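Bear in mind these aren't lab numbers, they're just calculated from the coordinates by the rules spelled out. For clarity, every value in this text was computed on a predicted model and none was experimentally measured. So basically every Cβ, Gly included, is an ideal-geometry build from the backbone, and we count neighbours across all protein chains shown.
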Amino acid sequence: MDKNKIGTEIGIRDKNNNPIKVGDIIQWNGYKGIVLWHKKYEEYWFFISYSRWYGDDIFDGNSYGKGFKLPMDNGARMEMEIIIEGDLINEKE
């Protein structure tokens, strides 16, 4: 299974009980960002949108300077909300 494939369900849900998927733009803890697989740490992360300092590819975690590890136990799901589904994003955002 390719854990970084856009549209792959990551195993947790947002406050509306929708499954969160790789590439989804979500709002969490007052930030807007994208859900991606962090290759170095081998876990799902929330990369903050405004921190894309290192590249133009919104689907590459290496383009972002700031992010958070996602809690994989649904503990923070009431604070997460999907804004745009990843497979609906135009890469030129």
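The residues of the range 31-88 that are part of a loop (DSSP other than H, G, I, E, B) and hydroxyl-bearing (Ser, Thr, Tyr), listed by number, are Tyr41, Tyr54, Tyr64.
The number of residues in the range 14-30 being over 8 Å from the mean Cα position of the chain (by Cα) and not in a strand (DSSP E or B) comes to 7. Look at the range 76-87: where a residue is free of Cβ contacts under 8 Å to residues at least 60 places away in the same chain and within 9 Å of Ile26 (Cβ to Cβ) and a partner is of a type in the set (Asp, Glu) and surrounded by 17 or more Cβ atoms within 10 Å (Cβ to Cβ), sitting 6+ places away or on another chain with Cβ atoms under 9 Å, you get Ile83/Asp24.
Of note, Lys5 satisfies the criterion of being surrounded by fewer than 18 Cβ atoms within 10 Å (Cβ to Cβ), in contact (Cβ under 8 Å) with a residue 12 or more places away in the chain and not in a strand (DSSP E or B). Inspect all residues belonging to the range 67-77 and state whether any of them is among the aromatic types (Phe, Trp, Tyr) and within 9 Å of the chain's Cα centre (by Cα). Within the range 67-77, none of the residues are among the aromatic types (Phe, Trp, Tyr) and within 9 Å of the chain's Cα centre (by Cα).
If the condition is being hydrophobic (A, V, I, L, M, F, W, C) and free of Cβ contacts under 8 Å to residues at least 24 places away in the same chain, then the range 12-60 contributes Phe47, Ile48, Trp53.
Looking only at the range 50-75, filter to residues that are surrounded by 15 or more Cβ atoms within 10 Å (Cβ to Cβ) and small (Gly, Ala, Ser); which one of those is nearest to Gln27 (Cα to Cα)? The qualifying residue nearest to Gln27 (Cα to Cα) is Gly67.
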